Amino acid sequence: MNVISIKRLKKFYNNKLILDIENLNIKQGEIVVILGKSGCGKSTLLNVLATIDSDVSQDSKIEILGKDIFSLTEKEKTEFRRENMGFIFQFHELIPEFNVIENCTIPLILKGYSKTKAEAIVKEKLKEVDIFDFYKKPNELSGGQQQRVSIIRAILHSPKIIFADEPTGNLDPQTTKQVIELLKKHKSKETTLIIVTHDNFVKSAIGDRIFEFKYNKERGIYLI
Amino acid sequence: MKYIIFKLLKKSFLIVFFITFFVFFIIVFLSFSIIKYHNYLENSFSNKQNHITITYIKNQNKDDIYKIQKLLQDNLVSYNTFSQTIQTITLKRGAFYYRGRVKIVGLGVDVYPITYNFNNLDIRLDDMYNIRPSGIELFEEFRNSNVEVFNKTLHKSFFNNAPSTLTTYKLNINDKKVDINFGAIVDDMKDELILFMNIKKLNKLLNHNPNYIDGFYLNIKNPLESYKIKQILLKNFNNIYVSTWQEENPKQNHILLVFSKITRLIQFIIAVLGISVIIVIFMNQFIKKQPQLRILNILGMNLNLYINMVLAFIIFSAELLVVLLFFKFLDLYVVIYFLVIPLFVILINNYVLSFKQNLLR
């Protein structure tokens, strides 16, 4: 079953075509690695798929979980993300004012869990990834710890798709391995994982399918 | 959801609250100080003079004079009878002599509410700036607590505040040397020298000189009360001239008017600046939280309601206050406000719109 189905995607930046993709499907439970050099458009593609960026050409059509994402209103997109998506970012994007538990409970509370129940679930999961400093603020944790917290936040509410934008981009090789293992271990079979990276190690370590952006000299654009 | 927003924006709201309180305090404090200084200025002008002057035509019917006194007493107005003349006199001050035109005011010692006649009392100076009751006055006051003594009344009333110059002179008037001390007051804004003395002594000195004016000095500090008494007097008597101190002192009145306009302008500027500061700080707090709000939005929090509420509050408060200010000062600065208000509203609206568009990018 296709979770993501890109019928047609064209995106322009300053009147220059930067994304041109047709007929690309991603199945449920797949781990897809989107590879490419910096500036090739892989993060832009991720943002479009994650319904964060909708500034695409009018003839673009993408279906995610059977819904045409460009026909959704802003409110519907927000709710769609809440219900179906999890996010892991290169710079972790944890909220600095919140402690570890509070950061991790956000998706659960947004889904309607009570604060107490959400905290109990989060504590259990954090222990599994060796995080015991529940009440520390993000800036008191190491980069690897922050990324583990970020991963827990992304998977806890059992999303159908997890988007990871350079999840190891800011980590040393040792921590990168740990993070990859963590993603493999905690991702359920039904969850589709889409990782954007420029790190070849990630490709070989985790990817079921690789989409690589390569430069097309004739058209002057990076294409998959 | 509310818990997350509250947790994230708690400090921002506290900061805005305290700054709003601080700005509001400054606005109130400055406005209060300006108003207080305005009142002080007004009092310092009015305290040095009679608040209302009633002058009547010579050889006035004694019944009419009695009726005026009766009306003043019925309305509980403190007053002094006076005679006034302008004379060319020679004054000796220390080793220096001064010859020139001086307004001499003889003040009646019969004062309301209880009249007690101290026939030969002069204005009595304690020092350069203080009028004090004499021994005989104090004694009479001691015998009867209702006695309103002449020098005490003067001290309490319009000579209360220190005039710019107040000293004792020896006087040579109508080529007669008179061995008498005067309190001399140079009124700051009038540019004239005024000498005050007992009315009976003045009448004796003038030796039935017809060139003087008679009437009453009324001591009413409340401007509204003053206006009311003036209207009553004008309604009841045709053959008197009634003037307030403001009318007799256009220079002072003009200063007060200008000051009053400046006061309102300053209040307006302070208020607008204050409101602008609050709004900018409020929005800056949101701009500071923009990355966190963006993360929450990506994670699935619908922030439209909160953002719209905050923005609506900002627009509403800014525009409402400006409109209120507009109506408050409508009479004075119509032209300025017609230019300022639309500009202000457009600026705020544009700022809010661009702020909203950029917030979740």
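Rundown of residues vs (1) basic (Lys, Arg); (2) surrounded by 20 or more Cβ atoms within 10 Å (Cβ to Cβ); (3) at pLDDT 90 or above, yes/no style:
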site: A:SER150; (1), (2), (3): no, yes, yes
site: A:ARG153; (1), (2), (3): yes, yes, yes
site: A:SER158; (1), (2), (3): no, no, no
site: A:GLU166; (1), (2), (3): no, yes, no
site: A:ASP172; (1), (2), (3): no, no, no
site: A:THR175; (1), (2), (3): no, no, no
site: A:LEU183; (1), (2), (3): no, yes, no
site: A:SER188; (1), (2), (3): no, no, no
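Out of everything in region A:193-224 that is touching a Ser or Thr at 6+ places or on another chain (Cβ under 8 Å) and at pLDDT 85 or above, what residue ends up being nearest to A:ASN25 (Cα to Cα)?
Selected residue: A:VAL196.
Do you know which of the residues in region A:28-46 that are touching a strand residue (DSSP E or B) at 6+ places or on another chain (Cβ under 8 Å) and among the polar types (S, T, N, Q) is farthest from A:ILE206 (Cα to Cα)?
Looking at residues that are touching a strand residue (DSSP E or B) at 6+ places or on another chain (Cβ under 8 Å) and among the polar types (S, T, N, Q), I get A:THR44.
Which residue out of B:GLN84, B:GLN69 is crowded, with 18+ Cβ neighbours inside 10 Å, at pLDDT 75 or above and more than 22 Å from the chain's Cα centre (by Cα)?
B:GLN84
If A:ASP55 meets every condition in (1) in a loop (DSSP other than H, G, I, E, B); (2) under 15 Å from the mean Cα position of the chain (by Cα); (3) within 14 Å of chain B (Cβ to nearest Cβ) apart from one, which number is that one?
Tallying (1) in a loop (DSSP other than H, G, I, E, B); (2) under 15 Å from the mean Cα position of the chain (by Cα); (3) within 14 Å of chain B (Cβ to nearest Cβ), A:ASP55 fails exactly one: (2).
Exactly one of these conditions fails for B:ILE269: (1) free of Cβ contacts under 8 Å to residues at least 12 places away in the same chain; (2) under 21 Å from the mean Cα position of the chain (by Cα). Give me its number.
Evaluating B:ILE269 over (1) free of Cβ contacts under 8 Å to residues at least 12 places away in the same chain; (2) under 21 Å from the mean Cα position of the chain (by Cα) leaves (2) as the failure.
With the checklist (1) acidic (Asp, Glu); (2) at pLDDT below 85; (3) surrounded by fewer than 17 Cβ atoms within 10 Å (Cβ to Cβ) in hand, flag the one item A:ASP133 doesn't pass.
Every listed condition holds for A:ASP133 apart from (2).
Determine if region B:16-33 includes at least one residue that is open to solvent by less than 90 Å² (accessible area, probe 1.4 Å), within 14 Å of chain A (Cβ to nearest Cβ) and of a type outside the set (Ser, Thr, Tyr).
no
Test each condition in (1) hydroxyl-bearing (Ser, Thr, Tyr); (2) part of a helix (DSSP H, G or I); (3) within 13 Å of another protein chain (Cβ to nearest Cβ) for A:THR176 and report the one that comes out false.
(3)
Has region B:203-217 got at least one residue that is without any contact (Cβ under 8 Å) to a residue 12 or more places away in the chain and in a helix (DSSP H, G or I)?
Scanning region B:203-217, I find at least one residue that is without any contact (Cβ under 8 Å) to a residue 12 or more places away in the chain and in a helix (DSSP H, G or I), so the answer is yes.
For region A:116-127: of the residues being surrounded by fewer than 20 Cβ atoms within 10 Å (Cβ to Cβ) and free of Cβ contacts under 8 Å to residues at least 24 places away in the same chain, which is farthest from the other protein chains (Cβ to nearest Cβ)?
Step by step, filter region A:116-127, then rank; the result is A:LYS127.
Anything in region A:25-41 that is surrounded by fewer than 16 Cβ atoms within 10 Å (Cβ to Cβ) and over 18 Å from A:LYS160 (Cβ atoms)? List them, or say none.
A:LYS37, A:SER38, A:GLY39, listed by residue number.
Restricting to region B:1-15, what's the tally of residues that are under 48 Å from the mean Cα position of the chain (by Cα) and within 8 Å of another protein chain (Cβ to nearest Cβ)?
1
Have a look at B:ILE295, B:ILE307 and point out the one that is in contact with a strand residue (DSSP E or B) (Cβ under 9 Å, 6 or more places away or on another chain), within 14 Å of chain A (Cβ to nearest Cβ) and assigned to a helix (DSSP H, G or I).
Within the list B:ILE295, B:ILE307, the selection yields B:ILE295.
From the set of residues in region A:192-217 that are among the charged types (D, E, K, R) and part of a strand (DSSP E or B), which is surrounded by the most Cβ atoms within 10 Å (Cβ to Cβ)?
The selected residue is A:GLU212.
Go through region A:58-67 and give me each residue that's assigned to a strand (DSSP E or B) and within 19 Å of the chain's Cα centre (by Cα).
A:ILE62, A:GLU63, A:ILE64, A:LYS67
Hey, any hits in region A:11-22 for a residue that's open to solvent by less than 50 Å² (accessible area, probe 1.4 Å) and at positive phi?
The answer is no; no qualifying residue exists.
Within region B:296-306, which residues are of a type outside the set (S, T, N, Q) and either within 47 Å of the chain's Cα centre (by Cα) or crowded, with 20+ Cβ neighbours inside 10 Å (or both)?
B:LEU296, B:ILE298, B:LEU299, B:GLY300, B:MET301, listed by residue number.
Quick one: how many residues across region A:70-115 are within 12 Å of chain B (Cβ to nearest Cβ), of a type in the set (Ser, Thr, Tyr) and either in contact with a Lys or Arg (Cβ under 8 Å, 6 or more places away or on another chain) or open to solvent by 20 Å² or more (accessible area, probe 1.4 Å) (or both)?
4
Which residue pairs have Cβ atoms closer than 7 Å, lie 6 or more positions apart in sequence or on different chains, and pair a first residue in region A:192-213 that is among the aliphatic types (A, V, I, L, M) with a second residue that is open to solvent by 50 Å² or more (accessible area, probe 1.4 Å)?
Pairs found: A:ILE206/A:LYS184; A:ILE210/A:LYS203.
The values are calculated or read from the model by the stated rules, or taken from the named source; none is laboratory data. Bear in mind the structure is a predicted one, so any value in this text is a computation, not a measurement. When we count neighbours, we look across all protein chains shown, and the Cβ atoms used for this are built from the backbone with ideal geometry, even at glycine. The protein model used for the area step is the full one, side chains on, heavy atoms only, and it has no ligands, DNA or RNA in it. Shrake-Rupley method; radii C 1.70, N 1.55, O 1.52, S 1.80 Å.
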